[in-house]
Structure formats: structure tokens, C-alpha cells
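The structure appears right after this line, and notes come after that.
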Amino acid sequence: MGLLTGPLCVAVAVFLLLVDLMHRRQLWAAHYPPGPLPQPGLGNLLQIDFQNMPYPRYKLWHQFGDVFSLQLAWKPGILVNGLVAVYEVLKCSKYTVDHPPMPTYQHLGAHTHPFPQVVLATYGPAWRKQQHFSMSTMHNFGLGKKSLEQWVIEEVPLYSLCQQGDGCAQC
């Protein structure tokens with residue numbers, strides 16, 4: 001059992017991690033836009049100045065164009081700059097955009113809210129139905145259709161009473 005000594009095990013583990021890293025990098029490179037070469041384990045974290053965030057993005061934007069990829073530790077990400085590129089991403093959003101679980105979303109109440117699938121919903125069939133309903137409702141209001149006007153006018157005095165009184169006891 002002299003072959004499995006401590007330094008040899010460490011060397012084999014490092015070798016296997018590097019092989020896995022190179023394999024993942026090849027898979028990522030085929031599916032992601034160009035970007036700076038990431039460091040093993042850290043990704044592009046050393047290339048980002050967290051005190052002055054816009055400047056590194058500006059440099060990368062000039063070097064790689066409107067759409068480029070970054071690897072933050074083990075997580076790959078894509079940055080989109082420019083009006084045309086952002087419009088294209090949003091237009092094709094059913095294929096390219098999703099909301100990963102992030103602490104910012106939890107802070108905004110996306111996971112504790114009773115209706116988490118409204119504002120910060122993932123794009124899919126339910127989101128498309130919600131978007132279609134919202135757009136058609138805004139379209140109806142925008143064209144001056146008076147289908148909902150009578151109910152809105154009826155609710156305005158009640159809202160005024162709620163604002164003046166002790167809460168919504170009269171409502």
C-alpha cells in the first residue's frame with residue numbers, strides 16, 4: 001500500500017480536477033459567446049474590480065463586443081450591452097433568458113410573496129399568458145376604451161375615504 005501515499009493522492013486529485021476543468025471549459029466554449037480566458041477555480045473574478053464595476057465591463061465590451069461571457073468561479077454568465085443586443089435577447093427570451101435563484105430576488109420577496117410567478121417569474125407558458133393578459137389590458141386602456149372606466153371611477157371615492165380615515169374600516 002505504499003503507492004497510495006499522501007502526496008500521490010493529492011497529485012491524482014489535482015490531475016482529475018484539471019481534467020474535469022478542461023472538459024467543462026470545452027463544453028462551455030462551444031455554447032457560450034467569446035470572453036476572457038477564466039482561471040481554474042476562480043474564473044474571471046480576478047479580472048473584475050469590485051470597487052469600480054463599470055470600468056472592467058467597459059474594457060471587456062470594447063474587447064469582445066456587445067455580448068460576451070464571464071465565468072464567476074464555477075458559474076458561467078453572459079453579459080449583454082447595447083440597445084440592439086438587449087432588444088434581441090428580450091425578443092428571443094423564451095430561449096435565452098431565465099431568472100436563476102439569487103439573493104437579490106429573495107430580498108425583493110420573490111420567494112416569500114404569495115404570487116412569486118408574477119414580477120420575477122421564469123419565462124415559460126404561464127409567463128406568456130400573464131404577459132398577454134397584461135399587454136391586452138394596457139392596450140385597451142391606451143386606446144381609450146371605456147370598458148373598465150366605470151369601475152375605476154366608482155373606486156376612486158372609496159380610496160379617498162381610506163386615505164382620510166383610520167385605515168380601511170369603511171371599505
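The values are calculated or read from the model by the stated rules, or taken from the named source; none is laboratory data. Keep in mind that what you see is a predicted model, and the values were worked out from it rather than measured. All Cβ positions, even for glycine, are placed from backbone atoms using ideal geometry, and neighbour counts span all protein chains on display.
Computed quantities for the displayed model
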item	result
Residues satisfying the stated conditions in the range 13-49, i.e. among the polar types (S, T, N, Q) and touching a Pro at 6+ places or on another chain (Cβ under 7 Å)	Asn44, Gln47
Residues within the range 43-79 that are farther than 24 Å from Leu90 by Cα and loosely packed, with under 13 Cβ neighbours inside 10 Å, tallied	8
Single condition Cys171 does not satisfy, out of (1) surrounded by fewer than 12 Cβ atoms within 10 Å (Cβ to Cβ); (2) modelled with pLDDT of 80 or more; (3) outside the structural domain of Pro36 (by TED's automatic domain parsing)	(2)
Selected residue [modelled with pLDDT of 85 or more and exposed (fewer than 13 other Cβ atoms within 10 Å of the Cβ)] from Pro34, Pro40	Pro34
Residues satisfying the stated conditions in the range 25-68, i.e. touching a residue at least 24 places away in the same chain (Cβ under 8 Å), over 19 Å from Val84 (Cα atoms) and outside any loop (DSSP other than H, G, I, E, B)	Trp28, Gly43, Leu45
Given (1) modelled with pLDDT of 85 or more; (2) over 28 Å from Leu18 (Cα atoms); (3) within 17 Å of the chain's Cα centre (by Cα), number of the condition Tyr58 does not satisfy	(3)
Tyr105 modelled with pLDDT under 70, out of contact with any Phe, Trp or Tyr (no Cβ under 8 Å at 6 or more places or on another chain), under 30 Å from Phe64 (Cβ atoms) and not in a loop (DSSP other than H, G, I, E, B)	yes
Hits in the range 78-89 - residues which are touching a strand residue (DSSP E or B) at 6+ places or on another chain (Cβ under 9 Å) and either modelled with pLDDT under 70 or within 20 Å of Gln131 (Cα to Cα) (or both)	Val86, Glu88, Val89
